[in-house]
Ligand SMILES: C[S@@+](CC[C@H](N)C(=O)[O-])C[C@H]1O[C@@H](n2cnc3c(N)ncnc32)[C@H](O)[C@@H]1O
């Protein structure tokens, strides 16, 4: 007889995952999108997928694993799985010291370099953009730097995420004051239309951002992204294992133009992942640069 702990058991309404079910689902999620759920985070799958099992009337996580692979609804279920297992925490002007370095050092020098070369084109990639706060923040900083001259530039911020739900929300560009918790008041006044409790990003900011779905596990898709002067991928690789981190960082390296910049999250590092970039140290931020 199987031990109590190796069987799926229902405690009240709470579904428990067995070790085997956990391993199967964990490996499946990793294969599909590169998100790695560590052994000590079993509860995460239980908590986040438990409701989904109840909605589908499935009795345990083994049935759900089977459903994901063989049911006729497996593609739409995979999209739902992505929505449930991704962590989409974000805000406008997240990590102000890093963004100050971006504004004062990185963007200013990229713009100066383009001007020197007689070009007014700028491509920035926000990979793992969640509900849009990051790419819109970048667009606002560009407006701050270029002022009215912005309309004479060819600028595109390509903003991608795995979850279609967050992208739909990003395209609506409507936010509550919670999303604006680290945004300076004058920026809110300048770049949002406020209507009661809702703050809508102004059209001139939205115009610079193009949203689209991408799976960072999909190497072929990554190769098709237009080459960029700057790549933002903040607070995303933290969910990947080292192998997936290496793949994604190497794709960003290939995407960047010579001399281009990679900006990762404050708590993330390329240590043991890539030696291809030069780390530039600034107060409050390390910005990685591809050789010119
Ligand atoms: C914590 S949010 C970070 C948002 C923003 N970059 C920031 O720093 O505020 C991480 C985002 O990465 C996305 N993500 C995770 N795995 C992904 C993958 N394989 N492909 C594309 N996006 C992914 C998630 O959907 C989520 O929206």
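The values are calculated or read from the model by the stated rules, or taken from the named source; none is laboratory data. What you see is a predicted model, and the numbers here were worked out from it, not measured in a lab. Here Cβ is always computed from backbone atoms with ideal geometry, including for glycine, and neighbour counts include all displayed protein chains.
Show the residue pairs meeting these rules: Cβ distance below 6 Å; 6+ apart or different chains; first residue within region 163-178 and more than 21 Å from residue 203 (Cβ to Cβ) and not assigned by TED's automatic domain parsing to the domain that holds residue 132; second residue modelled with pLDDT of 95 or more and not in a strand (DSSP E or B).
Qualifying pairs under 6 Å: none.
Could you list, ordered by first residue, the pairs with Cβ atoms under 7 Å in which the first is in region 112-134 and under 15 Å from residue 226 (Cβ atoms) and within 16 Å of the ligand (Cβ to nearest atom) and the second is outside any loop (DSSP other than H, G, I, E, B) and modelled with pLDDT under 95, at least 6 apart or interchain?
From region 112-134, no pairs qualify.
Please go through region 45-88 and pick out each residue that is part of a helix (DSSP H, G or I), farther than 13 Å from residue 14 by Cα and within 16 Å of the ligand (Cβ to nearest atom).
78, 79, 80, 81, 82, 83, 84, 85
When you look at residue 155, is it surrounded by fewer than 21 Cβ atoms within 10 Å (Cβ to Cβ), assigned by TED's automatic domain parsing to the domain that holds residue 108, at pLDDT 95 or above and in a strand (DSSP E or B), yes or no? Walk me through how you get there before you give the answer.
Details: surrounded by fewer than 21 Cβ atoms within 10 Å (Cβ to Cβ): yes; assigned by TED's automatic domain parsing to the domain that holds residue 108: yes; at pLDDT 95 or above: yes; in a strand (DSSP E or B): yes.
Considered against the rule, which asks whether it is surrounded by fewer than 21 Cβ atoms within 10 Å (Cβ to Cβ), assigned by TED's automatic domain parsing to the domain that holds residue 108, at pLDDT 95 or above and in a strand (DSSP E or B), residue 155 comes out as yes.
Can we say residue 108 is more than 21 Å from residue 210 (Cα to Cα), away from the ligand (no atom under 16 Å from the Cβ) and in contact (Cβ under 8 Å) with a residue 24 or more places away in the chain?
So residue 108 fits the description; yes.
Within 22 Å of the chain's Cα centre (by Cα) and assigned by TED's automatic domain parsing to the domain that holds residue 162, is that true of residue 101?
yes
Just checking, does region 186-204 include any residue being in contact (Cβ under 8 Å) with a residue 12 or more places away in the chain, at positive phi and either assigned to a strand (DSSP E or B) or more than 10 Å from the ligand (Cβ to nearest atom) (or both)?
The answer is no, given that none of the residues of region 186-204 is in contact (Cβ under 8 Å) with a residue 12 or more places away in the chain, at positive phi and either assigned to a strand (DSSP E or B) or more than 10 Å from the ligand (Cβ to nearest atom) (or both).
Quick one: count up the residues across region 215-248 that are crowded, with 20+ Cβ neighbours inside 10 Å, within 21 Å of residue 122 (Cα to Cα) and within 13 Å of the ligand (Cβ to nearest atom).
Looking only at that region, the number is 5.
Residues checked against (1) touching a helix residue (DSSP H, G or I) at 6+ places or on another chain (Cβ under 6 Å); (2) surrounded by 19 or more Cβ atoms within 10 Å (Cβ to Cβ):
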| residue | (1), (2) |
| --- | --- |
| 47 | no, no |
| 62 | yes, no |
| 101 | no, yes |
| 105 | no, no |
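What's the number of the only condition in (1) more than 11 Å from the ligand (Cβ to nearest atom); (2) surrounded by fewer than 16 Cβ atoms within 10 Å (Cβ to Cβ); (3) over 20 Å from residue 104 (Cβ atoms) that residue 283 fails to meet?
Condition not satisfied by residue 283: (3).
Among (1) touching a helix residue (DSSP H, G or I) at 6+ places or on another chain (Cβ under 7 Å); (2) in a strand (DSSP E or B); (3) within 16 Å of the ligand (Cβ to nearest atom), which single condition is residue 160 missing?
The one condition residue 160 does not meet is (1).
Taking into account only those residues within region 1-22 that are closer than 22 Å to residue 86 by Cα and surrounded by fewer than 14 Cβ atoms within 10 Å (Cβ to Cβ), which is modelled with the lowest pLDDT?
Per the criteria, the residue is 14.
Only one of these conditions is not met by residue 92: (1) buried (at least 20 other Cβ atoms within 10 Å of the Cβ); (2) touching a helix residue (DSSP H, G or I) at 6+ places or on another chain (Cβ under 6 Å); (3) assigned to a helix (DSSP H, G or I). Which number is it?
All conditions are met except number (3).
Is there any pair linking a residue in region 214-243 that is over 17 Å from residue 33 (Cα atoms) to one that is within 13 Å of the ligand (Cβ to nearest atom) and in a helix (DSSP H, G or I), with Cβ under 6 Å and at least six apart or on different chains, and which?
Listed by first residue and then by second, the contacts come to 231/252.
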